[in-house]
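A.B. asks: Starting off with a structure, shown below.
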Amino acid sequence: MGVAKVWRYSCGVLANTQKQHFFFSCWLWRRPISCTKVCGFMLFALGLISLFTGYVASNLELYSQRLAKGAWFYKQDGDAPIDIWKSRYGSLVKLVIKMSKQTPPCPNLESRTRERWREGGGGFVSSLLLLLGLEENLCVTLTGSMPHLMADTEKAAAVNVRSSNGYLLIATSGGLNQQRTGITDAVVVARILNATLVVPELDHHSFWKDDSDFFDIFDVKWFISYLAKDVTVVKRVPEKVMRLMGKPPYTMRVPRKSEPEYYLDQVLPVLLKRRVLQLTKFDFRLANDLDEELQKLRCRVNYHALRFTKPIRNFGQKLVVRMRKMSRRFVAVHLRFEPDMLAFSGCYYGGGDKERYELAEIRKRWATLPELIPDEERTRGRCPLTPHEVGLMLRALGFKNDTYLYVASGEVYGGDKTLQPLKELFPNFYTKEIVSGDELKPFLPYSSRLAAIDYVVCDESDVFVTNNNGNMAKILAGSRRYMGHKRTIRPNAKRLSALFQARNKMDWDTFSRKVKSCQSGFMGEPEEVRLGRGEFHEYPSSCICKTPFNHSNFIEKYNNHTPSANPSLLDSRYRYIRNSSDLDDKILQKLH
């Protein structure tokens, strides 16, 4: 029963018992108060709460339904209306972080961290959330958005250079976001090996042919200083060590998705012997599932330490400001529809023999790719959505044609002809080239810096949409979940492909209803984050507090909270060797 119905029912009962006029006796002032005044006071109080939360008053009916069902995480079906502009808890998360200036405490954090948060200004907000029964669900990140907040509870001491097992060089591979995953994993591997990490080397020979170095894209000083308590990072191998080595660094390539045991058993002995070791083609060379402490280190690297240089950040923010001057809110679409992506996918998009020939020629660059059947790939949901299909999906979800779109992409295959259907669906169509004009010229020769600018704008957008499940889509989806479950829409391509093929056989209302049903669970809601689901970069579950709300035991847990064990890295799943002078010793001791 909704709140409005409950209120009418209660007033009706009182009216029958008190006939035409009734009063509420007030023990404090000992004088009658009319029902009208009581109603007015309650509405004023509710409005005051809504002023602070920006959420409660507009969702009373939804709250009543959830409470009636006995659970806060009330799962909506495909037909239930949702707010297409923000996640269910997004606005409250932003409010909490803004008012407290720090991240709200999760129940499984140490008690001293919780107290520090309250002393820092979170007491009022915490009390408000506790009153609404929301606090446990709105804990966003275990690592925190303020670097100093978790320094004493999450970070173990970094290995000293003198006790380091050697210098680890990393050669990344692929485009900007693929290299980003390699850099993130490189820090974790350095931690596993107790090695000193040399600032990673970026790929200059990939499809994008960008000769930018690490310091051209990322803030090196920030990267080194932020990770100082986790891993020692240096800009280069000391000259003294290079002279003693007398020859180029020993190089090796580890298998994809290698477990920490592999690094300890196979890589560490080589590092101890050579003192300087380079790992090449370093992308996705570390297992997806790791010890929780190592997963949190991944989050610290990816979401905090890897900060773009000031020129890139400033330029990206300038584009965001310009988009917001045109519209209070906007949608960012990552349109990965470049020729290399289409060729790699093995899909067909209706361009005839010309398309088949051109994509087949590009596909020859990957000698190991198997022969694929385009229709089967589309049925399996492995084909990126076309610009037209992205537009149809957004319109079916409820975005109107006056919505402002920022489209992040490289050179779209087919050019304006391919983009025209999307522009017709959303005339307010913008790209970095349109928004910036001639100011973009200094960045034009560098594809990775252009991708970084798009990354900034997409991350700041109200809604982020992707047409595929590539590296940038995964990393941005993870970042937006980590930073407060900002609305992120990724297509359920497997189910949508059949809908798009049958589009002309159904009316628009039916199509829209079916699209909404297909996209249930693909809209960036908190309950989508589950342990072991998908790539860690897309679902950073170890770094996000997501405990479902249970009102019956919430207060007891809250008041009787006992700090959970927070072992240092040395006491976690594996024991890492800090010193080893005897190269022939067995260097690894495992703890189960």
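A.B. asks: Compare the peptides 261-267, 357-363 by average per-residue count of other Cβ atoms within 10 angstrom and give them in order, highest first. Spell out each step's value before the answer.
C.D. replies: Details: 261-267: 17.1, 357-363: 14.9.
The most tightly packed comes first, giving 261-267, 357-363.
A.B. asks: Quick one: accessible area per residue over the range 343-392, 1.4 Å probe, rounded to a whole number of Å²? Kindly include the intermediate steps, with their values, before the conclusion.
C.D. replies: On the way: 3090 Å² over 50 residues.
Averaged over the residues of the range 343-392, the accessible area is 62 Å².
A.B. asks: Now a separate question. Arrange the residues Thr196, Thr431 by how much accessible surface each exposes, largest first, with a 1.4 angstrom probe. Don't jump to the answer; show the numbers that get you there.
C.D. replies: Details: Thr196 0, Thr431 20 Å².
So, going from the largest accessible area down, we get Thr431, Thr196.
A.B. asks: Normalised radius of gyration for the range 150-286, please: alpha carbon Rg relative to 2.2 N^0.38 Å, two decimal places.
C.D. replies: Numbers: Rg = 14.5 Å, N = 137, 2.2 N^0.38 = 14.3 Å.
Against the empirical 2.2 N^0.38 Å value, I get 1.01 for the range 150-286.
A.B. asks: Would you please calculate the Kirkwood hydrodynamic radius of the range 462-544 over all C-alpha pairs and express it in Å, rounded to one decimal? Intermediate results must be reported in sequence, preceding the final value.
C.D. replies: Working: mean 1/r = 0.0734 Å⁻¹.
Averaging 1/r across every pair of different Cα atoms and inverting gives 13.6 Å.
A.B. asks: List the residues, sorted by chain then number, that are 5 or more residues from Thr251 or on another chain and whose placed amide H is less than 5 Å from its amide H.
C.D. replies: Counting only residues 5 or more places away or on other chains, the set is Gln278.
A.B. asks: Here is a further query. Just how much of Arg365 is accessible, in Å², when a 1.4 Å probe is used and the result is rounded to the nearest 10?
C.D. replies: 150
A.B. asks: Around Phe282, which amide H atoms from residues at least 5 apart in sequence, or from another chain, sit under 5 Å from its own amide H, with H modelled in the peptide plane?
C.D. replies: Long-range HN contacts for Phe282: Ala171, Thr172, Ser173.
A.B. asks: Measuring from the lowest to the highest alpha carbon on each principal axis, how far does the range 371-487 reach, largest first, in angstroms?
C.D. replies: Each principal axis gives a Cα extent; for the range 371-487 these are 43, 36, 36 Å.
A.B. asks: Please give the per residue accessible area of the range 409-478, computed with a probe of 1.4 Å over protein heavy atoms only, in Å². Walk me through the numbers on the way to the answer.
C.D. replies: On the way: 2750 Å² over 70 residues.
Here the residues of the range 409-478 average 39 Å² of exposed surface.
A.B. asks: Distance between Cα centroids, the range 334-412 to the range 244-261: provide it in whole Å.
C.D. replies: Centre-to-centre distance over Cα atoms comes out at 36 Å.
A.B. asks: Equivalent-ellipsoid semi-axes (√(5λ), Cα gyration tensor) for the range 297-354, whole Å, largest first? Please list the in-between numbers first.
C.D. replies: Details: eigenvalues 211, 90, 24 Å².
Calculated on Cα positions only, the semi-axes equal 32, 21, 11 Å.
A.B. asks: At R0 = 35 Å, how high is the FRET efficiency between Gln501 and Glu201 if r is their beta carbon distance? Nearest 0.05 is fine. Write out the running numbers ahead of the final one.
C.D. replies: Values: r = 45 Å, r/R0 = 1.29.
In this case the efficiency is close to 0.20.
A.B. asks: What are the residues whose amide H is under 5 Å from the amide H of Val234, where those residues sit 5 or more places off or on another chain and H is modelled from the backbone?
C.D. replies: The answer is Leu197, Val198, Val199.
A.B. asks: Go through Lys209/Lys273; Lys209/Lys325; Lys86/Lys514; Lys257/Lys486 and tell me which ones have a Cα-Cα distance over 27 Å in this structure.
C.D. replies: Values: Lys209/Lys273 35 Å; Lys209/Lys325 35 Å; Lys86/Lys514 21 Å; Lys257/Lys486 29 Å.
Those over the limit are Lys209/Lys273; Lys209/Lys325; Lys257/Lys486.
A.B. asks: Could you give the distance between the Cα centres of the range 419-439 and the range 466-542, to the whole Å?
C.D. replies: So the separation of the two Cα centres works out to 23 Å.
A.B. asks: Eigenvalues of the Cα gyration tensor times 5, then square-rooted: what semi-axes does that give for the range 260-365, in whole angstrom, largest first? Numbers along the way, then the final one.
C.D. replies: Numbers: eigenvalues 270, 169, 39 Å².
For the range 260-365, the ellipsoid semi-axes come out as 37, 29, 14 Å.
The values are calculated or read from the model by the stated rules, or taken from the named source; none is laboratory data. What you are looking at is a predicted structure, and each value in this text was computed from that prediction instead of being measured. Heads up, the Cβs are rebuilt from the backbone with ideal geometry, glycines too, and the neighbour counts pull from every protein chain shown. We work out accessible area using only protein heavy atoms, side chains counted, and drop any ligands, DNA or RNA first. Shrake-Rupley method; radii C 1.70, N 1.55, O 1.52, S 1.80 Å.
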